[in-house]
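*Asks:* Quick one: the structure is below, questions incoming.
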């Protein structure tokens, strides 16, 4: 139960990457303030969020232990939502044609169009369920580590997951694209059809994500690969389950027309890089003498 009774007023690794990301985004908002009517509000929200974190770190209370371990979840989620505001204002173009062209040059056809030949309502329903379970599948790993009170491992996994999300947001900024579901709609011969809940799940995700440019890299691929990698520290059975779930969601991203295959490749590469460098980066950013997770 490392540290649950002793408040730690030092900055953790995850704190540093979150605050660093906030600083970069606030600078970007300031540069494009004339194009962003919400610039003042967005910067204020970032500053208040940073202030709340500072209070919880330097003036801990009874709730601080839980807050410090879990705060990255709402912070990262809010950062995703603001991308829908920032990207259209700072990047008045999109990379869909370029990404679709890369896919075509690689395969000689558009994968989402080619996959129409294996379309089946039952398969569509199943893959949409797999895709919709993305967030629970990613968060299941830190949750299971948390309830086992392996707090050092939790901090490392939370750092890796937060870094994965924030890296994907940077990708959205540099390569803004909405995906083949929108860009290649006129090339598809028919809309996807499920059995019972496909349309409801898709509409719900559309409302949650808004009009987003969140294609490159595939965050679903990147974060699921990270979750798969982290699952091995819990049990072999869970690791095997993720060995099944991970390729399923990767296939779902293309079959359901959410992503180009180059997005998927970029997501796999981003996850591989983070997995490779995170132990070194995590140790460098962690305060001296802190417990380092064994992941």
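*Asks:* So if I take the centroid of the Cα atoms in the stretch 85-102 and the same for the stretch 218-280, what is the distance between those two points in Å?
*Replies:* First find each Cα centre; the distance between them is then 24 Å.
*Asks:* How far apart, in nanometres, would the label points at residue 122 and residue 203 be if each is projected 7 angstrom from Cα along the Cα-to-Cβ direction?
*Replies:* Here the modelled spin labels are 2.6 nm apart.
*Asks:* Something else now. Any idea what angle helix 121-132 forms with the longest principal axis of the chain, computed on alpha-carbon atoms, 0 to 90 degrees, nearest 10?
*Replies:* The angle comes out at about 20 degrees.
*Asks:* With a 10 Å cut-off between alpha carbons and a GNM built on the chain, which of 72, 227, 49 moves the most?
*Replies:* 49
*Asks:* Would you mind checking the tilt of helix 96-107 against the longest principal axis of the Cα atoms of the chain, expressed as 0 to 90 degrees and rounded to 10?
*Replies:* 70 degrees
*Asks:* Can you tell me how the stretch 137-243 classifies by the Cα gyration tensor, rounded, prolate or oblate, using a/c under 1.5 as the rounded cut?
*Replies:* Prolate, since a/c reaches 1.5 and a/b exceeds b/c.
*Asks:* Find the relative contact order for the chain and round it to a whole percent, using C-alpha pairs within less than 8 Å whose residues are 6+ positions apart.
*Replies:* Relative contact order of the chain: 27 percent.
*Asks:* At a 10 angstrom cut-off on C-beta neighbours, averaged per residue, how do the peptides 186-193, 169-176, 266-273, 219-226 rank from highest to lowest?
*Replies:* Ranking the peptides 186-193, 169-176, 266-273, 219-226 by packing returns 219-226, 266-273, 169-176, 186-193.
*Asks:* Tell me, 46, 156 in order of fewest to most beta-carbon neighbours within 10 Å?
*Replies:* Lowest count first: 46, 156.
*Asks:* If you don't mind, there's one more thing I want to ask. Given a Förster distance of 51 Å, report the FRET efficiency between residue 34 and residue 237 from their Cβ-Cβ distance, rounded to the nearest 0.05.
*Replies:* 0.40
*Asks:* Between helix 236-255 and the chain, what is the angle of the helix's C-alpha long axis to the longest principal axis, kept within 0 to 90° and rounded to the nearest 10?
*Replies:* 40 degrees
*Asks:* Also, quick follow-up: With a 10 Å cut-off between alpha carbons and a GNM built on the chain, which of 231, 278, 218 moves the most?
*Replies:* Ranking 231, 278, 218 by mean-square fluctuation puts 278 first.
*Asks:* Here's another thing I want to ask about it. Counting only helical runs of four or more DSSP H residues, what would the 222 nm mean residue ellipticity of the chain come to if each run contributes -39,500 (n - 2.57) and the total is spread over all its residues?
*Replies:* That calculation yields -22500 deg cm²/dmol at 222 nm.
*Asks:* Looking at (1) 119; (2) 153; (3) 141, which value of volume of the Cα convex hull per residue in Å³ comes from a calculation on the structure shown?
*Replies:* (3)
No lab work stands behind these numbers, since they all come straight from the coordinates. Everything numeric here is computed off the predicted structure, so don't read it as measured data. Heads up, the Cβs are rebuilt from the backbone with ideal geometry, glycines too, and the neighbour counts pull from every protein chain shown.
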